[in-house]
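What follows is a set of notes on a single structure, which appears directly below.
The values are calculated or read from the model by the stated rules, or taken from the named source; none is laboratory data. As the structure is a computational prediction, the values presented were derived from the model and not from experiment. As a convention, Cβ positions derive from the backbone with ideal geometry for all residues, glycine included, and neighbour counts pool all protein chains shown.
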Ligand SMILES: C[S@@+](CC[C@H](N)C(=O)[O-])C[C@H]1O[C@@H](n2cnc3c(N)ncnc32)[C@H](O)[C@@H]1O
């Protein structure tokens, strides 16, 4: 039944399903599973993971696994509550609560109940603990945990329309969010190496990579570990991020291969007249000044910094229009929009291609595989 309500200010169309309409395809039981069960387990799992990371439990389990016999490939880590309590100086009673919830949510299992031994459930080590594993999703899930404190600010913003940037969050949250972005960078690197094997093989011998918006340096670290003969330049406008990136380079003894600068792209392009084989823009574009002319100027600078046969590689959340038909799994990109809807400007595939077409670059390819997608842009 269609009801149209008219008032002086609004026209409201209300579509009401009556008893006579066809029954929905999904049963009420399945809807309960979708909302109540998934919600309860999902929320508690995120809470557990977030707290486990912040309390240092996952780091401790990682170190414990690494320090045991190295030739064995780990699938689980065995520990006791006392282990955690003594090494991390955590209250045993609270730990007992965390562990009990971990068992309920399927992160942990009992290895031996007599001896009160616990173990991580299958693949928890790879997925949540070993941050170097290619299947690691702990950073991403850990970052969602921070939605809890952010919601107070968001609730206020919904009512006032005020602008709050996620960049105003605490140092701990910011570092975690950067790790999450860099995790996306790892997927970008993997997909790029797979699809552009010849280009990457050449780069492995020698070359120069530039990252605009290198942040804390986590993404450059991924590339530097793989491209050992490449020299890297990373710039950012955030002094805290730059300080962290410099520390990371120092820690890895990469000073001779790296230049990390706190400078904006305009000044950089004008003062450093070098050109690069590969330019990276990972999870940066949406955070930039939203003015299209400003962005076009940035791309003009990137154009001048790229060698003629070079590639500009962009990893960015592609967010479809709200009312566009749903295409597969888009939750991560859409959560990104949800938290940064007022401060960021996101594109979808069509609008991004239109943007690139309005710059000096002439070729753009969007390559998607599984949950990740990359933009490969050339002169
Ligand atoms: C989400 S972080 C990504 C960091 C890094 N690319 C990575 O993947 O690990 C975005 C970074 O872009 C930087 N950024 C935003 N606008 C920028 C601009 N106009 N010039 C340089 N950096 C910028 C921010 O300061 C922030 O460090």
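So here's what we get for this one:
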read-out: Test: residue 356 is in a helix (DSSP H, G or I) and either within 14 Å of the ligand (Cβ to nearest atom) or surrounded by 15 or more Cβ atoms within 10 Å (Cβ to Cβ) (or both); value: yes
read-out: Pair list, Cβ under 6 Å, 6 or more apart: the range 286-301 residue closer than 17 Å to residue 210 by Cα, other residue within 9 Å of the ligand (Cβ to nearest atom) and assigned to a helix (DSSP H, G or I); value: 298/265; 301/265
read-out: Candidates 213, 181, filtered to the one that is near the ligand (Cβ under 9 Å from one of its atoms), within 18 Å of residue 268 (Cβ to Cβ) and touching a strand residue (DSSP E or B) at 6+ places or on another chain (Cβ under 8 Å); value: 213
read-out: Identity of the residue in the range 286-299, surrounded by fewer than 16 Cβ atoms within 10 Å (Cβ to Cβ) and more than 10 Å from the ligand (Cβ to nearest atom), that ends up nearest to residue 314 (Cα to Cα); value: 296
read-out: Residue match in the range 339-348 (condition: without any contact (Cβ under 8 Å) to a residue 24 or more places away in the chain and not in a loop (DSSP other than H, G, I, E, B)); value: no
read-out: Test set (1) crowded, with 22+ Cβ neighbours inside 10 Å; (2) modelled with pLDDT of 95 or more - residue 283 fails condition number; value: (2)
read-out: Looking only at the range 184-210, and only at residues there that are closer than 21 Å to residue 286 by Cβ and part of a helix (DSSP H, G or I), the one that is nearest to the ligand (Cβ to nearest atom); value: 185
read-out: Subset of the range 82-123 that is in a strand (DSSP E or B) and more than 31 Å from the chain's Cα centre (by Cα) - its residue that is nearest to residue 47 (Cα to Cα); value: 110
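Each row is one residue, and each column tells you yes or no for (1) under 30 Å from residue 202 (Cβ atoms); (2) under 21 Å from the mean Cα position of the chain (by Cα).
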position: 268; (1), (2): yes, no
position: 277; (1), (2): yes, no
position: 282; (1), (2): yes, yes
position: 287; (1), (2): no, yes
position: 292; (1), (2): no, no
position: 301; (1), (2): yes, no
position: 329; (1), (2): no, yes
